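One structure is given here, and the rest of the page talks about it.
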Amino acid sequence: MCGRYTLAKPIKTIESHFGPIHISFKYCPSYNIAPSLVSPVVINESDQRTLTGMKWGLVPPWAKDEKMKLINARSETAHEKPSFKGSLKNQRCLIPADGFLEWAGKEKQPHYIQLKEQALFAFAGLWSTWKNLEGISLNTYSILTTTANEKLNPIHARMPVILPPRRYNTWLAPDSSLDVVRSLLTPLPSEELNFHPVSKEVNSPKNNHPEILKPF
């Protein structure tokens with residue numbers, strides 16, 4: 001699974017990486033993004049990439065209330081699950097990140113995982129719109145996960161799906177077939193990632209500063 005991640009790159013870097021893109025979100029760097037927070041996602045809006053804010057924890061359109069928050073979706077079964085299959089078909093998003101956290105062993109030691117070059121990347125995500133009884137809309141998202149690669153498996157059996165930039169257009173395109181979309185949901189190769197243990201300060205989302213990600 002993926003329960004925390006980071007996005008601290010400058011907005012200019014995000015704009016360059018995902019551009020051309022329309023930005024409709026007031027961006028603030030974060031070193032400890034937790035479920036229920038509003039964070040940036042990239043969607044296809046009228047054939048244009050748009051960076052917008054959504055709450056992490058997908059609430060299906062049919063949910064009775066917004067207490068049902070699904071932060072992760074298993075890529076192997078998302079096409080079958082009532083909570084995710086509509087979004088997998090019609091509402092896919094890219095979730096900008098520059099690292100994520102997993103907890104290992106009985107001691108639940110947190111590890112910070114990044115691309116080797118510490119570059120910006122994107123998780124494969126699903127989004128959905130839920131409306132309350134007053135008709136007020138809430139946009140939410142979930143991160144797709146897959147089997148961990150060989151390097152990360154000792155830390156956790158699952159990892160988020162990280163899409164290479166060459167796959168962004170296919171993932172966001174409304175006319176991509178379900179078979180093509182599902183074929184993208186594979187683990188990133190081990191050689192592309194590095195990780196190190198960090199302080200358990202990251203366990204509290206109140207701690208949101210660069211020092212919590214230093215090697216521990």
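The values are calculated or read from the model by the stated rules, or taken from the named source; none is laboratory data. Since the structure is predicted, the reported quantities are computational estimates derived from the model, not experimental observations. Every residue, glycine as well, gets a Cβ built from its backbone with ideal geometry; the counts of neighbours run over all protein chains shown.
Descriptive notes on the structure:
- Exclusive hit being among the charged types (D, E, K, R) and either surrounded by 15 or more Cβ atoms within 10 Å (Cβ to Cβ) or touching a Pro at 6+ places or on another chain (Cβ under 6 Å) (or both), set GLU102, GLU76, GLU117: GLU102
- If you go through region 191-207 and keep only what is assigned to a helix (DSSP H, G or I) and either basic (Lys, Arg) or under 19 Å from the mean Cα position of the chain (by Cα) (or both), you end up with GLU192, LYS200, VAL202, ASN203.
- Unique match (being within 21 Å of PRO60 (Cα to Cα), of a type outside the set (Lys, Arg) and buried (at least 23 other Cβ atoms within 10 Å of the Cβ)) among TYR112, TYR141: TYR141
- Condition check for LYS81: over 19 Å from SER36 (Cα atoms), over 15 Å from the mean Cα position of the chain (by Cα) and touching a residue at least 40 places away in the same chain (Cβ under 8 Å): no
- Among the conditions (1) under 17 Å from ALA173 (Cα atoms); (2) surrounded by fewer than 21 Cβ atoms within 10 Å (Cβ to Cβ); (3) among the charged types (D, E, K, R); (4) in contact (Cβ under 8 Å) with a residue 24 or more places away in the chain, the only one that LYS55 does not satisfy is (1).
- The sole residue among THR129, THR170 that is modelled with pLDDT of 95 or more, more than 14 Å from the chain's Cα centre (by Cα), assigned to a strand (DSSP E or B) and surrounded by fewer than 18 Cβ atoms within 10 Å (Cβ to Cβ) is THR129.
- Region 120-135, subset in contact (Cβ under 8 Å) with a residue 60 or more places away in the chain and out of contact with any strand residue (DSSP E or B) (no Cβ under 6 Å at 6 or more places or on another chain), residue farthest from GLU192 (Cα to Cα): ASN132
- Of the residues in region 145-165, none is over 15 Å from SER190 (Cβ atoms), more than 17 Å from the chain's Cα centre (by Cα) and of a type outside the set (S, T, N, Q).
- Consider region 1-46 and keep the residues that are among the small types (Gly, Ala, Ser) and loosely packed, with under 14 Cβ neighbours inside 10 Å. The one that is modelled with the lowest pLDDT is SER46.
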